[in-house]
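The values are calculated or read from the model by the stated rules, or taken from the named source; none is laboratory data. Since this is a predicted model, take the numbers as computed values, not measurements. Positions of Cβ are backbone-derived with ideal geometry, glycine not excepted, and every protein chain shown enters the neighbour counts. Note: areas computed on protein heavy atoms with side chains; ligands, DNA, RNA excluded. Shrake-Rupley method; radii C 1.70, N 1.55, O 1.52, S 1.80 Å.
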Amino acid sequence: MSQVPSFVLSFEHDPRQWSKWRRWMIALVIWNLIAPIDITLTFYSGMQEQVQEYFQTTTFIATLGVGLFNFGSIFGPLIGAPLSELYGRRPVYIGTSVGFVIFSLGTALSPTIVSLLGCRALAGLIGSAVFSLYGGSLSDMFTPDERGPFVALFTIVLQGAPTIGPVPSSLLGTIVHWRWLMGFIATWAAVVTAVVICLPETEATAIRRRLAKDQGEVMAKVPTPAQQTGSVWSKTLLTPIVMLRHEPIVLWTAVYHAFVYGLLFLLLEAYPHVYNSHYDMSRQEAGLVFIAPFLGNLLGVLVYFCFLKPQYEAQQRATFMQSGGKREIAPEARLPGVILASLLTPIGMFWFAFSAHPDVHWFFPVLSGVPVGMGMTLLQLSLFNYYIDLYPTRSASVIAANCAIRNIVSTVFPSIGVPLYNYLGIRNASLLLACISFVGFPTGVVLLVYGKRLRAASRWAKQDVADVSDTASCLDVVAPLLGQPPQNTYGGTSSTSN
């Protein structure tokens with residue numbers, strides 16, 4: 001069991017005090033729930049040709065099966081987060097998994113292309129709610145020092161599952177009907193759902209509310225969902241918009257991250273087009289190309305957790321010791337990972353632009369996917385941790401704003417991939433994408449050099465203690481645990497409660 005209690009629940013009711021085996025099992029069940037939801041984003045791509053032929057529809061309409069799933073994912077996390085705060089995580093996990101199974105099955109049994117696309121959109125809407133819950137569940141059960149292995153595991157599934165998605169469906173798409181393939185996703189999710197129903201509640205307020213109901217007046221001051229509804233929904237839906245509007249750092253980094261993330265979905269259509277034009281590969285054969293960016297995702301996780309994270313923690317300890325516990329490391333210490341990522345992605349795209357040619361063996365352009373995949377993973381891990389350090393009291397809203405912009409771009413990009421490559425030509429289109437992806441490098445350098453000034457002009461950004469005359473008066477602006485040993489954070493969630 002954990003040696004650090006949650007300070008919200010009594011010892012016997014604290015999820016952090018459950019046995020290690022039980023907590024690990026719960027975390028792995030959640031991981032397995034995320035996997036089918038995340039992989040089905042792109043799993044559809046490998047059977048898209050089958051769907052198009054079966055319903056006798058156009059390529060553009062068939063491509064919407066990817067875009068509409070992303071469209072639903074814009075709203076799912078924004079709805080799931082307040083629901084979990086109001087009613088606890090367990091009901092949302094159950095509703096998410098059951099709803100995803102129903103609409104995945106509906107996709108497999110759809111009699112028309114319209115019903116198929118509608119089921120895909122609804123599966124994305126309901127299923128994506130889980131993405132706003134997993135970080136909180138890990139925080140409920142594990143201390144920051146215990147979360148390391150889970151951060152790596154969840155990062156791999158969150159970034160790697162959409163990348164590897166086209167590979168199994170491309171391999172099986174030539175011999176298995178698309179309905180059976182979609183049925184496999186529904187069956188996989190249904191098996192996990194049967195286990196999810198048995199999961200206990202881990203959210204502190206929901207546990208306290210249940211205890212209040214059981215114990216009568218002993219814990220009667222626990223707020224009810226009805227009392228919280230207005231403030232929770234307004235905070236969840238309006239704060240991300242406010243941050244995008246008033247914080248240039250949030251807006252520019254979110255737009256850049258959205259482009260890099262959306263690049264994966266653009267390449268879902270661009271890769272088959274390029275490899276068919278230059279190497280006579282079928283769509284199923286071209287789908288196997290995504291093994292390369294998936295390997296890049298794995299390498300990105302290794303680089304972050306084996307090099308960038310230890311380096312950051314060493315700087316963090318040094319800053320804390322040199323200041324006698326009065327200062328924390330600046331948020332800009334997270335930016336080397338962002339800068340490295342913004343170099344790897346354009347390197348991969350320039351590589352692809354100049355190596356994708358009939359006179360060059362297909363293996364060389366395929367390898368270009370490795371640095372692209374590395375850049376995608378490193379950017380997400382480094383940028384989200386930068387947000388957490390930069391906006392200690394608003395990080396959840398900033399990440400929500402980032403994810404919303406990212407999913408909007410991912411909704412559009414699958415449909416513009418082939419038209420872009422047809423209009424500009426294969427090399428010129430790839431060069432354009434490479435040049436745009438390079439914009440992140442000067443942006444990262446500017447934030448690294450001028451980040452302190454930009455933070456000083458911000459209402460919500462963390463300020464340096466040395467620049468404030470009265471430390472006690474600025475505790476609402478700086479990190480909540482100022483003056484205590486700095487704690488680790490990880491991609492997508494904070495290690496402390498805001």
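Hey, does the range 20-34 have a residue that's part of a loop (DSSP other than H, G, I, E, B), at negative phi and modelled with pLDDT of 90 or more? Working first, answer last.
We begin by selecting, within the range 20-34, every residue part of a loop (DSSP other than H, G, I, E, B); these are none.
So far as the range 20-34 goes, no, none of its residues is part of a loop (DSSP other than H, G, I, E, B), at negative phi and modelled with pLDDT of 90 or more.
Kindly indicate which of 379, 298 is surrounded by 24 or more Cβ atoms within 10 Å (Cβ to Cβ) and touching a Gly at 6+ places or on another chain (Cβ under 8 Å). Outline the logic, then answer.
On the way: 298 fails: surrounded by 24 or more Cβ atoms within 10 Å (Cβ to Cβ).
The unique qualifying residue is 379.
Looking at the range 46-77, which of its residues are at pLDDT below 90 and crowded, with 22+ Cβ neighbours inside 10 Å?
46, 76
Which of the residues that make up the range 174-209 are within 30 Å of residue 271 (Cβ to Cβ) and open to solvent by less than 10 Å² (accessible area, probe 1.4 Å)?
178, 181, 182, 185, 186, 189
Taking only pairs six or more apart or across chains, which ones have beta-carbon atoms under 9 Å, a first residue in the range 170-182 that is in the same structural domain as residue 46 (by the TED database), and a second residue that is at pLDDT below 90 and surrounded by fewer than 15 Cβ atoms within 10 Å (Cβ to Cβ)?
170/282; 174/282
Residue check: is residue 338 under 23 Å from the mean Cα position of the chain (by Cα), assigned to a helix (DSSP H, G or I), closer than 23 Å to residue 450 by Cβ and touching a residue at least 24 places away in the same chain (Cβ under 8 Å)?
In short, yes.
Is it the case that the range 84-106 has a residue that's of a type in the set (Gly, Ala, Ser), buried (at least 20 other Cβ atoms within 10 Å of the Cβ) and under 28 Å from residue 420 (Cβ atoms)? First the steps, then the outcome.
The initial filter retains those residues of the range 84-106 that are of a type in the set (Gly, Ala, Ser), namely 84, 88, 95, 97, 99, 104, 106.
Filter once more, so that each one left must be buried (at least 20 other Cβ atoms within 10 Å of the Cβ): 84, 88, 97, 104.
Narrowing the set further to residues that are under 28 Å from residue 420 (Cβ atoms) leaves none.
Checked the range 84-106: no residue is of a type in the set (Gly, Ala, Ser), buried (at least 20 other Cβ atoms within 10 Å of the Cβ) and under 28 Å from residue 420 (Cβ atoms).
Tell me which residues, restricted to the range 107-117, are free of Cβ contacts under 8 Å to residues at least 40 places away in the same chain and open to solvent by 20 Å² or more (accessible area, probe 1.4 Å). Let's see the steps before the verdict.
Filtering the range 107-117 down to residues free of Cβ contacts under 8 Å to residues at least 40 places away in the same chain leaves 110-111, 114-115.
Selection gives 111, 114, 115.
Go over the candidates 310, 272 one by one and state the one that is in the same structural domain as residue 439 (by the TED database), at pLDDT below 95 and either among the hydroxyl-bearing types (Ser, Thr, Tyr) or surrounded by fewer than 18 Cβ atoms within 10 Å (Cβ to Cβ) (or both).
Numbers: 272 fails: either among the hydroxyl-bearing types (Ser, Thr, Tyr) or surrounded by fewer than 18 Cβ atoms within 10 Å (Cβ to Cβ) (or both).
After ruling out the rest, the residue left standing is 310.
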